[in-house]
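Before any comments, here is the structure.
The values are calculated or read from the model by the stated rules, or taken from the named source; none is laboratory data. What you see is a predicted model, and the numbers here were worked out from it, not measured in a lab. Please note: Cβ atoms are built from the backbone with ideal geometry, for glycine as well, and neighbour counts cover all protein chains shown. SASA here: full protein model, heavy atoms, side chains in, ligands and nucleic acids out. Shrake-Rupley method; radii C 1.70, N 1.55, O 1.52, S 1.80 Å.
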Amino acid sequence: QVRLVESGGGLVQPGGSLRLSCAASGSIFSINIMGWYRQAPGKGRGSVAILTSSDSTHYADSVKGRFTISRSNDRRTVYLEMNSLKLEDTAVYYCNFLIGGTNYWGQGIQVTVSS
């Protein structure tokens, strides 16, 4: 069983920065994709940033140049560095690991951008 736990969320002013972490525990053999998604109030869940097993990255247009996805050397933790945060970045952020064809999700963590 794989468990993902997010941390690092909170309240930040516009223009500020936050760093989210997602640590995986359990039986992890081959992670295909690591990613971050978010869901704003009244909206569906959408992709924010993706990191593939070959270390290719893909970002939503709305966060390009502001957010950076990275991972630990042991591939058990994925990070999301968020800079120049905007009001519209407010959402619950979820990490996701695709392992052997199965999607695993974290419990979600709130990020609120407000003055």
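A compact table of results
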{"quantity": "Relative contact order of the chain, defined on C-alpha pairs under 8 angstrom at six or more residues apart (%)", "calculated": "37"}
{"quantity": "GNM flexibility winner over the chain from ASP74, ASP89, ASP55 (Cα, springs under 10 Å)", "calculated": "ASP74"}
{"quantity": "Rounded Å value of the spacing that divides the Cα centres of segment 34-82 and segment 1-24", "calculated": "11"}
{"quantity": "Surrounding net charge for ASP89, when Lys and Arg each add one and Asp and Glu each subtract one, Cβ distance under 15 Å", "calculated": "+4"}
{"quantity": "Accessible area of VAL113 in the full protein assembly, 1.4 Å probe (Å², nearest 10)", "calculated": "10"}
{"quantity": "Accessible area per residue in Å² at 1.4 Å probe, computed on the chain", "calculated": "52"}
{"quantity": "Accessible area of LYS64 in the full protein assembly, 1.4 Å probe (Å², nearest 10)", "calculated": "120"}
{"quantity": "Solvent accessible area, Å² - THR112, 1.4 Å probe, full protein context", "calculated": "40"}
